[in-house]
Amino acid sequence: MPVLEPIPRILGEQGPTSGPLLVVLASVHGNEPAGYHAARRVLARLAQDEIPLSGRLLCLVGNRAALAAGVRYRDADLNRLWTPAVVARLRSGGSLAAAPADEEEARELLAILDAQPRTARRTVLDLHTTSGASLPFAVLADSLPNRRLARTLEVPVILGLEEQLDGTLLSVLEADGWITSGCEGGRHEDPASIDHCEAAIWLAMEAAGVLEADVGRVPLEAARARLRAARRGVPRVFEVRYRHAISPADRFLMNPGWASFRTVAANQALGVDRDGPVLAPEQGRLLMPLYQPTGSDGFFLMRPVPRAWLVLAWALRRLGVPRLVPLLPGVRRDPARDDVLLVDRRTARFRALDILHLLGFRRERAEGDLLVVSRRPAELSRTG
């Protein structure tokens, strides 16, 4: 799937400027060309069949230079550098000393996204692929609007992964009021990954309100059928329980033969690093085992979320229950930040952490006897 032709930043756009907007981000990582090829297919089909749109589709290429070179990134991971300080520097015209080769990529991308009108409903679909074998799946920051978008894609939905990662582009857009979802189409080199990404674009266009109703030339049912078949009967929703963070100094190597969604036993050997075997800390399902030379995530472990918990979460958020969480024993709000809760692990009861996850508080870190938990700031201004 190499990309040989010149690569524009704006791959294409179609539809009226009034109405809802769907932005498709392709190849934010340059060694992931499937989204690029999928977006081109959709744009070509729209033009060839003259399919009418009720909103605008805008397809962008994330890292053009890395895509042309077939590498994940040059100086810095373009999907990990979007910290608040970096975003502020880019918007003010400052330079990125730590990532000079990727600075123009980030600046151009942010300028285009910031220029989109705020009057319309804005949705973004970020397309990726994985270095190891995988079913297609969706990732999102855990808010109800994002859940609704991701569930239309007919693939397993992974909760809590976006909150495990700092500096993602979707976190910037989420904070700016966009409805967001990522979609992992499969393994980098698998031609089926292009098909999965294409199907996800069609379904996201429908969910975002960009497609006109009852347009028979749009392959929506074929897209649904393709992604349902790729799901292979696995549960619809998972939550991430563990991230194995790595650095080059760890010299981490994943054991061969692993694939996402495979069942893992507690203490099972998954890889090796400079200190010896790397064991699974608990039972679960594997997600995104690392089989490429660059990356800061060795693997993740996740578990299915029962449907009853999902229904309960929806109901509680619609009722505004998250605002009452500080009333739980051992839980109080951080006086400095509305989106942060402090959980005293000595006194918290009633499965406090499970309840907080249910309500979308998925970012957590330990500070002595306190567990500091939060959710994306943008989620607090939405229903749920």
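Values quoted throughout were computed directly from the atomic coordinates according to the rules given, and no laboratory measurement underlies them. The shown structure was predicted, so the numbers you read here are calculated from the model rather than taken from an experiment. Here the Cβ is made from the backbone with ideal geometry for all residues, glycine too, and neighbour counts use every protein chain on show.
If the segment from Arg307 to Leu342 were pulled out straight at 0.36 nm per residue, it would be longer than the present Cα-Cα gap by 9.8 nm.
Check every DSSP H run in the chain and write down those whose alpha carbon atoms cover 20 angstrom or more along the long axis and whose mean Kyte-Doolittle hydropathy is 0.0 or greater. Write out the running numbers ahead of the final one.
Details: long enough: 34-48 (21 Å, -0.07); 100-114 (21 Å, -0.39); 191-208 (26 Å, 0.61).
Span-like helices here: 191-208.
Positive-end ranking of Ser18, Ala199, Val311 along the dipole of the chain, with charges on Cβ about the Cα centre, is headed by Val311.
Kirkwood radius and radius of gyration were both taken over the C-alpha atoms of the stretch 47-182, and their ratio Rg/Rh is 0.96. Here Cα extents along the principal axes in Å was computed from the coordinates, and among (i) 91, 52, 37; (ii) 63, 49, 48; (iii) 67, 47, 41 the match is (ii).
Counting Lys and Arg as +1 and Asp and Glu as -1, each charge on the Cβ, what is the dipole of the stretch 82-160 about the Cα centre in debye, to the nearest 20?
Numbers: 9 positive and 9 negative charges, 101 e Å.
In total the dipole reaches around 480 debye.
The charge dipole of the stretch 81-240, taken about its Cα centre with unit charges on the Cβ atoms of Lys, Arg (+1), Asp and Glu (-1) only, comes to about 560 debye. Build a GNM of the chain with springs between Cα atoms under 10 Å apart, and of Leu109, Leu319, Leu144 the one that fluctuates most is Leu319. Build a GNM of the chain with springs between Cα atoms under 10 Å apart, and of Asp75, Asp344, Asp275 the one that fluctuates most is Asp275.
The residue among Cys59, Ile112, Ala223 whose Cα reaches farthest toward the positive pole of the charge dipole of the chain, with charges on the beta-carbon of Lys, Arg, Asp and Glu, is Ala223.
Please give the charge dipole size of the chain, origin at the Cα centre, charges +1 on K and R Cβ atoms and -1 on D and E Cβ atoms. Round to the nearest 20 debye. Write down the numbers at each step before the final one.
Numbers: 50 positive and 45 negative charges, 260 e Å.
In debye, rounded to 20, the chain gives about 1240.
Count neighbours as other Cβ atoms within 10 Å of each site's Cβ, and list the trypsin sites (Lys or Arg not before Pro) in the stretch 214-310 that are DSSP loop with at most 13 such neighbours.
Values: sites: Arg217, Arg224, Arg226, Arg228, Arg231, Arg232, Arg236, Arg241, Arg243, Arg251, Arg262, Arg274, Arg285, Arg307; in loops: Arg217, Arg232, Arg236, Arg251, Arg262, Arg274.
Within the stretch 214-310, the qualifying trypsin sites (Lys or Arg not before Pro) (loop, at most 13 other Cβ atoms within 10 Å) are Arg217, Arg232, Arg251, Arg274.
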